[in-house]
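Notes to accompany the following structure.
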Protein chains: 2
Amino acid sequence: MSKADEAGEAGEVLNEPQVGIAGSRVDHVYNRVKEDIFDFRLLPGDRFTESQVADRLKVSRTPVREALYRLEREGYVFVHFRNGWSVRPFDFVMFENLYELRLVLETAAVRKVCDGPDLARIEELKQVWLVPDAEHVSDSLRAAELDEAFHTTIVDAADNPEIARVHNDVIERIRIIRRLDFTQGYRVERTYEEHAKILQALLRRRADAACSLLKAHIEESRAEVRKITIHRLQAARQS
Amino acid sequence: MSKADEAGEAGEVLNEPQVGIAGSRVDHVYNRVKEDIFDFRLLPGDRFTESQVADRLKVSRTPVREALYRLEREGYVFVHFRNGWSVRPFDFVMFENLYELRLVLETAAVRKVCDGPDLARIEELKQVWLVPDAEHVSDSLRAAELDEAFHTTIVDAADNPEIARVHNDVIERIRIIRRLDFTQGYRVERTYEEHAKILQALLRRRADAACSLLKAHIEESRAEVRKITIHRLQAARQS
DNA sequence: GTAGACAAACATGTATGCAAGAGGATGGAG
DNA sequence: CTCCATCCTCTTGCATACATGTTTGTCTAC
């Protein structure tokens, strides 16, 4: 997250704690490696060692190991017993399954929200999604954030932190391909339309309608993402 | 050769590897601490240090740290910055939420199985659950395992490893209170009846009926477990 | 040229040493 | 007695040293 501190002092011999305000070294390594995976600096299937990461990030192997085991638990890398690490290969079946899980969670949330008494947290979404086309966000990265926020807000409104946590993990894991969709900008306008329809169904407490729309929305997004991912991955392999 | 010779000749008892056949020390520590939590040798809210665990299990702090951070990610313990560790306090709201999440996942699995073409993996359940009362398992721990297997098998039959993994995590996290239910033996017979009914609905592909039965089954189990847990926890606190 | 033995390089797993910070104990001032 | 500053202990965070096992390249026998 903090790219500034890498350019700092270089040459202390012994321990250089100096951590100060920044987060722990483990967090730093975790974020950096994750970014490397998401930005395709580490390609699916690539092998690497703890020492390589430690040298590059100027820390010892100890925090590197903790960060890598965390990433392993989250499904981003594999550890090979006494034989290095590797980035988890792209597994489209896994992404299909994650999309299905996501749909299950969001559908459950929609039904719970429609049955529940409080639409207050849903009302806030109107300010973003029920507006004229002219006011749509043009920055595609910002649009991707808004898209995630839409789905996350619905799940949060269902008022179950455990479901929200799992949903967050799923969203995070498919972000590696979702971001490609939005950086291309293909589906930004469609997303606005579909979200608006879902929102209207939600506000009218039409659970069945909202679920059907949600399902179609996620299915289309998934199909689009898959196409783009294959294309992008080939490009990354060639360079 | 050089380093080994020097260390050996000096005769100090430095490292004592001796790991032999057993798994890694991290796994060992992980399992032991988790058992301590599940068996209430470590009570919710108890504080402890890495050194205490390391001394007791005769290992160094390094594998202890990795095991504890793993338990922390899984939600069993808290780490207090430079100030020790503690067992996560009992949070009944969290358990309610986990039961709800579990119901969402299992319901989705039931619907997918009913819609799908393959009931083969469900058929196997008949051998356990559609038998006369006389043949029911009397060992309560074994009964608890069978109960978990019933639910897990249904989710597995839905053929989505990501959903299965999350479901597994949820089952594991609520096992700490579920086991109390079965060791008391209160609900063993009821469980047989309810599972048999759910199974029959499943085999007839009556998704709605199966889901209602499943919901009632889980709700009853949850309510019973909650009562017993409070009671048991008070007993553990007094001793 | 090929197969097998063997050793060196290298990877992770584990133990240990050191530094910084959190929190309680202590002691003096009011 | 109470309050506050200070110190000291204890605990984690990180770096480093060492042990063990895997891979790989080479040398030799055939």
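Rule-based calculations on the coordinates, nothing more; no lab input. Computed from a prediction, not measured in an experiment: that's the story for all the values here. Ideal geometry is used to build each Cβ from the backbone, glycine not excepted, and the neighbour counts take in all protein chains shown.
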Shortest first, in nm, what separates the label point of B:Asp27 from those of the same position in the other copies (7 Å along Cα→Cβ)? 3.3
So what are the ³J(HN,Hα) numbers for region A:107-122, from phi and the Karplus equation (6.51, -1.76, 1.60; θ = phi - 60°), rounded to whole Hz, Gly and Pro as x? 5, 4, 5, 4, 5, 5, 5, 5, 6, x, x, 10, 9, 4, 6, 6
With Cα coordinates, the longest principal axis of chain B makes an angle with the long axis of helix B:188-203, in degrees rounded to 10, of 60 degrees
Flagged as over-length at 26 Å C-alpha distance, from B:Lys34/B:Lys126; A:Lys112/B:Lys215; A:Lys34/B:Lys34; B:Lys34/B:Lys58, the pairs are B:Lys34/B:Lys126; A:Lys34/B:Lys34
If unit charges are put on Cβ atoms (+1 for Lys and Arg, -1 for Asp and Glu) and the dipole of the protein assembly as shown is taken about its Cα centre, the option from B:Gly23, A:Ile177, B:Leu214 lying farthest towards the positive end turns out to be B:Leu214
I need the Kirkwood Rh of chain A: take the reciprocal of the average 1/r across all distinct C-alpha pairs and report it in angstrom. 20.0 Å
Quarter of the Cα convex hull surface for the protein assembly as shown, i.e. its orientation-mean projected area (nm²): 29.6 nm²
Per-residue ellipticity at 222 nm attributable to helices in the protein assembly as shown (runs of n ≥ 4 DSSP H, -39500 (n - 2.57) apiece, nearest 500 deg cm²/dmol) works out to -22000 deg cm²/dmol
With an 8 Å cut-off on Cα pairs and a minimum separation of 6 or more residues, tell me the relative contact order of region A:92-238 in percent. 35 percent
State the answer as a single residue: which of A:Ala120, A:Leu43, A:His195 lies farthest towards the positive end of the charge dipole of the protein assembly as shown, with beta carbon charges of +1 for Lys and Arg and -1 for Asp and Glu, about the Cα centre. A:Ala120
Charges only on Cβ, +1 for Lys and Arg, -1 for Asp and Glu: so what's the dipole of region A:92-238 about the Cα centre, in debye to the nearest 20? 440 debye
Once amide H atoms are placed 1.01 Å from N in the peptide plane, what residues at a sequence separation of 5 or more from A:Val77, or on another chain, have their amide H within under 5 Å of its amide H? A:Glu72, A:Arg88
Tilt of helix A:140-157 relative to the longest C-alpha principal axis of chain A, in degrees (0 to 90, nearest 10)? 70 degrees
Relative to the longest principal Cα axis of chain B, at what angle does helix B:61-73 sit, 0 to 90 degrees, rounded to 10? 30 degrees
Per the Kirkwood formula on distinct C-alpha pairs, the Rh of region B:46-127 is how many angstrom? 16.3 Å
Quick one: if you stick a label point 7 Å off each Cα along the C-beta vector at A:Ser86 and B:Arg41, how many nm between them? 3.9 nm
At 7 Å out from Cα toward Cβ: B:Asp139 inter-copy label distances (nm, ascending): 6.2
Compute, for region A:158-239, the length of the dipole vector about the Cα centre, with Cβ point charges of +1 (Lys, Arg) and -1 (Asp, Glu) only. Units Debye, rounded to 20. 240 debye
In nm, what does the list of distances from B:Arg165 to its counterparts in the other copies look like, shortest first, when each label sits 7 Å along Cα to Cβ? 1.7
With +1 at each Lys and Arg Cβ and -1 at each Asp and Glu Cβ, the charge dipole magnitude of the protein assembly as shown around its Cα centre, to the nearest 20 debye, comes out at 240 debye
